[in-house]
Amino acid sequence: MGMLCLDTEGCHFQNRDKARFCAQCGIPLPGTLVQGRYEIQILVSKDQKTVTLQAVDRHGGWPVTVRALLPKKAGAAERESFLQDAELAASFSDHMQDPGSIRVTDYGQDGPLTFLVKSEYVPGANADGHQSARPRMTVRVEDNLVVPRSPSSSPAGRASDSRFDDEDELQTQLRMAVPLPPMPPLPANTAGAQPRFSKPAPTPVLRNWLAEANQAYEAARYKDALAAYEIATQQNVVSVEAWSGKGATLLHLGQPEEALLAYDHALSLQPNDPDLWNSRASVLHELHRYDEEMYCYDQALASNPNYAFAWSGRGMTLAEMGRAEEAIQAFDRALLLDPRQSVIWQAMGDTLYSIQRYEEALIAVERALALDADNAALWDTKGNILRRLKKTGDALQLHEQATNLDPNNATAWFDKANDLRDLRRFAEALAVYDHTLALDPSLAGAWYNRGNVLAALHMYEDALESYDHALEYDEGLISAWYNKGSLLHELGRHEQANNAFDRALAVDMHYTAAWNNKGLALFALGRLDEALAALEQATSFAPDEPDAWYNKAVALEKLGRIQEARSCQEWAHKLEQQEMLEQQEK
């Protein structure tokens, strides 16, 4: 079933076999060798930003304490500050010689983990292998690493994340170096022979290329890892681990086509391995070959129908393909197998939200929050659901919680601004949109909504400028073209308004409101025939829209076509009466 996270209260995530770090919270799993040396045993304590673990230094058999930043809670600046403090503490520790004193003996980074090691000073321990404080060495600093295979299980594919993929989990396989054979005894000196002293020929050292490849991969030296995997696969063409490791490395180097060939070779050797099929699916996802990706999930599940990772990966890809109902079924199967996977509950909630099943989405997100209460994205999503359910005040409180948990999350600030806008607290909304754009100036939706708030505050020129910024980052944002055109028309700049409506219609020629307002702009310019043609498009695309018929009647009357104008006006009046009756019935 995999390895349970040491944080059984706050995380309780069930990880894949051979994982080193928890895929959900990032802390080392029991038995993990941090930097190939410190074997993690138990969780001692945890606070908001750090975790303290008991471990054993395998170089000397000493008990040590590992203190580390929680990978999901620490940013780059916090990691750098932590390491600087650790370096200072280590330098002080070099001068501490009191028996029983606690010293910092090591520090650095391994995978997602930024850590320091503390141990009790024992006189003479260094001679036996206990390491003194040393200059900092970073084993790995990058995120989103592709997971290498271990001998007993192939690399699992995407667990979740960006939006769903969770690629923080790292795996490694530590192997003993090939021992050197003992030196043969020197021949006995025969009587009378002069002693001859010569240097014995060196015993050839057999290099373990697979182990070297795995170590290079662990240290994020992917080009070195690839070179070593190449030799490993040449030396042993039937090594599944070497081929799958090569595939993982190639994917990380941005060579998915070559990665696919490596996984294909691994599968030719071990065709019933669900992990390999899942990893192959991840490569195909990068190549946007979704139908083939689905086939891989089918093969993984044929080998193991209870393989939760294949069900969740399948669901996430189905959701991306717009096949929401099938995605929900896949998530259901995954959650039946492992209901404590918050990332799958989150994906379920997002999918239900996308098809406007808000009440069910709320249940799924609340289940995810029960497992991962510090996940800012979950609070953000729950707030969006409540806003859709017309509970905007409650939504605002949840978005404030999201921004407190992740102050640099531009999306959460954007959603908070939207709440304030809906509550008509325009000045506050404007300030929050500005903060959002300070965090991410490329967020077109924030520029657009900011423009709408400025227009509501009658700051029209500023609103137009904000619409222009939105279109600079997303020129296909049709609503920005439409609102820009409508505002220009209100300001009497009809030619510019007409051009903006044309841009909106270039994106969607069936956009009825744009045809209607284009007709009004042309009418104001005195181009009556063109105005009538635009309004006829509006009435043809939306025959039940009374405004378009009224405007068409005005254009016809101006052209002297009185009878036609009267017919359009009567029809518009009839449609208005129908709308009033329907509203009364509701």
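Quick check on Ala300: is it surrounded by 16 or more Cβ atoms within 10 Å (Cβ to Cβ), touching a Leu at 6+ places or on another chain (Cβ under 6 Å) and of a type outside the set (D, E, K, R)?
Details: surrounded by 16 or more Cβ atoms within 10 Å (Cβ to Cβ): yes; touching a Leu at 6+ places or on another chain (Cβ under 6 Å): no; of a type outside the set (D, E, K, R): yes.
No: the conditions fail for Ala300.
Taking region 346-361 as the region of interest, how many residues are assigned to a helix (DSSP H, G or I) and farther than 18 Å from Ala412 by Cβ?
Here is the first cut: in region 346-361, the residues assigned to a helix (DSSP H, G or I) are 346-354, 358-361.
Checking the rest, the ones that are also farther than 18 Å from Ala412 by Cβ come to 347-348, 351-352, 354, 358-360.
Within region 346-361, residues that are assigned to a helix (DSSP H, G or I) and farther than 18 Å from Ala412 by Cβ number 8.
Kindly evaluate Gly247 against the criterion of being more than 26 Å from Ala327 (Cβ to Cβ), crowded, with 22+ Cβ neighbours inside 10 Å and under 27 Å from the mean Cα position of the chain (by Cα).
Details: more than 26 Å from Ala327 (Cβ to Cβ): yes; crowded, with 22+ Cβ neighbours inside 10 Å: yes; under 27 Å from the mean Cα position of the chain (by Cα): yes.
So Gly247 fits the description; yes.
If you take the residues of region 422-451 that are of a type outside the set (A, V, I, L, M, F, W, C) and under 18 Å from Gln401 (Cα atoms), which of them is surrounded by the most Cβ atoms within 10 Å (Cβ to Cβ)? Talk me through it step by step, then tell me what you get.
Quick first cut of region 422-451, residues of a type outside the set (A, V, I, L, M, F, W, C) only: 422, 424-425, 428, 433-436, 440-442, 445, 448-451.
Narrowing further to those that are under 18 Å from Gln401 (Cα atoms): 428, 433, 435-436.
Working: Glu428: 16, Tyr433: 29, His435: 17, Thr436: 27.
Among residues in region 422-451 that are of a type outside the set (A, V, I, L, M, F, W, C) and under 18 Å from Gln401 (Cα atoms), the one surrounded by the most Cβ atoms within 10 Å (Cβ to Cβ) is Tyr433.
Taking Trp481 as the residue in question, decide whether it is under 20 Å from Glu461 (Cβ atoms) and buried (at least 23 other Cβ atoms within 10 Å of the Cβ).
Values: under 20 Å from Glu461 (Cβ atoms): yes; buried (at least 23 other Cβ atoms within 10 Å of the Cβ): yes.
Here the answer is yes, as Trp481 does meet what is asked.
Kindly provide the set of residues from region 364-393 that are in a helix (DSSP H, G or I) and surrounded by fewer than 16 Cβ atoms within 10 Å (Cβ to Cβ), ordered by number. Give the steps one after another, and end with the answer.
Step one: list which residues in region 364-393 are in a helix (DSSP H, G or I), which gives 364-371, 376-388, 392-393.
Scanning region 364-393 gives Glu366, Ala370, Arg388, Gly393.
I'd like to know if region 343-358 contains one or more residues that are within 20 Å of Lys73 (Cα to Cα) and crowded, with 21+ Cβ neighbours inside 10 Å.
Within region 343-358 (the criterion being within 20 Å of Lys73 (Cα to Cα) and crowded, with 21+ Cβ neighbours inside 10 Å), the answer is yes, since at least one residue qualifies.
Of the residues that sit in region 508-528 and are under 40 Å from the mean Cα position of the chain (by Cα) and within 14 Å of Asn483 (Cα to Cα), which one is surrounded by the most Cβ atoms within 10 Å (Cβ to Cβ)?
Let us first name the residues in region 508-528 that are under 40 Å from the mean Cα position of the chain (by Cα), namely 508-515.
Next, only the ones that are within 14 Å of Asn483 (Cα to Cα) stay: 511-515.
Working: Tyr511: 23, Thr512: 18, Ala513: 19, Ala514: 29, Trp515: 24.
Filtering first and then ranking leaves Ala514.
Taking region 84-118 on its own, how many of its residues are under 15 Å from Gln35 (Cα atoms) and not charged (D, E, K, R)?
So the count comes out to 11.
Let's see how each residue does on (1) under 28 Å from Met509 (Cα atoms); (2) part of a helix (DSSP H, G or I); (3) in contact with an Asp or Glu (Cβ under 6 Å, 6 or more places away or on another chain):
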{"position": "Phe414", "(1), (2), (3)": "no, yes, no"}
{"position": "Tyr433", "(1), (2), (3)": "no, yes, no"}
{"position": "Thr436", "(1), (2), (3)": "no, yes, no"}
{"position": "Ser442", "(1), (2), (3)": "yes, no, no"}
{"position": "Arg450", "(1), (2), (3)": "yes, yes, no"}
{"position": "Ser479", "(1), (2), (3)": "yes, yes, no"}
{"position": "Tyr482", "(1), (2), (3)": "yes, yes, no"}
{"position": "Ser486", "(1), (2), (3)": "yes, yes, no"}
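Could you please let me know if Gln54 is surrounded by fewer than 21 Cβ atoms within 10 Å (Cβ to Cβ) and touching a strand residue (DSSP E or B) at 6+ places or on another chain (Cβ under 9 Å)? Outline the logic, then answer.
Details: surrounded by fewer than 21 Cβ atoms within 10 Å (Cβ to Cβ): yes; touching a strand residue (DSSP E or B) at 6+ places or on another chain (Cβ under 9 Å): yes.
Against the criterion (surrounded by fewer than 21 Cβ atoms within 10 Å (Cβ to Cβ) and touching a strand residue (DSSP E or B) at 6+ places or on another chain (Cβ under 9 Å)), Gln54 qualifies.
Considering Gln84, Gln35, which residue is more than 24 Å from Ala376 (Cβ to Cβ), out of contact with any strand residue (DSSP E or B) (no Cβ under 7 Å at 6 or more places or on another chain) and of a type outside the set (Gly, Ala, Ser)? Reasoning before the result, please.
Values: Gln35 fails: out of contact with any strand residue (DSSP E or B) (no Cβ under 7 Å at 6 or more places or on another chain).
Among Gln84, Gln35, only Gln84 is more than 24 Å from Ala376 (Cβ to Cβ), out of contact with any strand residue (DSSP E or B) (no Cβ under 7 Å at 6 or more places or on another chain) and of a type outside the set (Gly, Ala, Ser).
Identify the single condition in (1) buried (at least 19 other Cβ atoms within 10 Å of the Cβ); (2) closer than 29 Å to Asn452 by Cβ; (3) not β-branched (Val, Ile, Thr) that Ala553 does not satisfy, given that it satisfies every other one.
Against the list (1) buried (at least 19 other Cβ atoms within 10 Å of the Cβ); (2) closer than 29 Å to Asn452 by Cβ; (3) not β-branched (Val, Ile, Thr), Ala553 comes up short only on (2).
Considering only region 529-572, how many residues are within 50 Å of the chain's Cα centre (by Cα), outside any helix (DSSP H, G or I) and either of a type in the set (D, E, K, R) or under 12 Å from Trp515 (Cβ atoms) (or both)?
Result for region 529-572: 3.
Would you call Asn418 over 22 Å from the mean Cα position of the chain (by Cα), of a type outside the set (Phe, Trp, Tyr) and in a helix (DSSP H, G or I)? Explain how you work it out, then say what you get.
Values: over 22 Å from the mean Cα position of the chain (by Cα): yes; of a type outside the set (Phe, Trp, Tyr): yes; in a helix (DSSP H, G or I): yes.
For Asn418, the condition - over 22 Å from the mean Cα position of the chain (by Cα), of a type outside the set (Phe, Trp, Tyr) and in a helix (DSSP H, G or I) - is met.
Step by step: first the residues of region 2-34, then only those that are on the phi > 0 side of the Ramachandran plot and surrounded by fewer than 19 Cβ atoms within 10 Å (Cβ to Cβ), then the one that is modelled with the lowest pLDDT. Which residue is that? First the steps, then the outcome.
Residues of region 2-34 that are on the phi > 0 side of the Ramachandran plot, as a first pass: 2, 12, 18, 26, 31.
Now drop any that are not surrounded by fewer than 19 Cβ atoms within 10 Å (Cβ to Cβ), which leaves 2, 12, 31.
Details: Gly2: 68, His12: 79, Gly31: 88.
Per the stated criteria, the residue is Gly2.
Spot the failing condition for Arg493; the list is (1) touching a Phe, Trp or Tyr at 6+ places or on another chain (Cβ under 9 Å); (2) of a type in the set (Lys, Arg); (3) within 20 Å of Ser479 (Cα to Cα), and only one is missed.
The single condition Arg493 does not satisfy is (1).
Residue-by-condition table, conditions (1) free of Cβ contacts under 8 Å to residues at least 12 places away in the same chain; (2) within 30 Å of Pro339 (Cβ to Cβ):
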position: Cys5; (1), (2): no, yes
position: Leu29; (1), (2): no, yes
position: Thr32; (1), (2): no, yes
position: Glu39; (1), (2): no, no
position: Asp47; (1), (2): yes, yes
position: Thr50; (1), (2): no, yes
position: Thr65; (1), (2): no, no
position: Ala74; (1), (2): no, yes
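Any residue in region 452-466 that's in contact (Cβ under 8 Å) with a residue 40 or more places away in the chain: show its pairings with residues that are of a type in the set (Asp, Glu) and assigned to a loop (DSSP other than H, G, I, E, B) at Cβ separation under 6 Å, as long as the two are six or more apart or on different chains.
Cβ pairs passing all conditions: none.
The values are calculated or read from the model by the stated rules, or taken from the named source; none is laboratory data. Just so it is clear, the model here is predicted, and its values are computed rather than measured. Because the Cβ atoms are built from the backbone with ideal geometry, glycine has one as well, and the counts that use them run over all protein chains shown.
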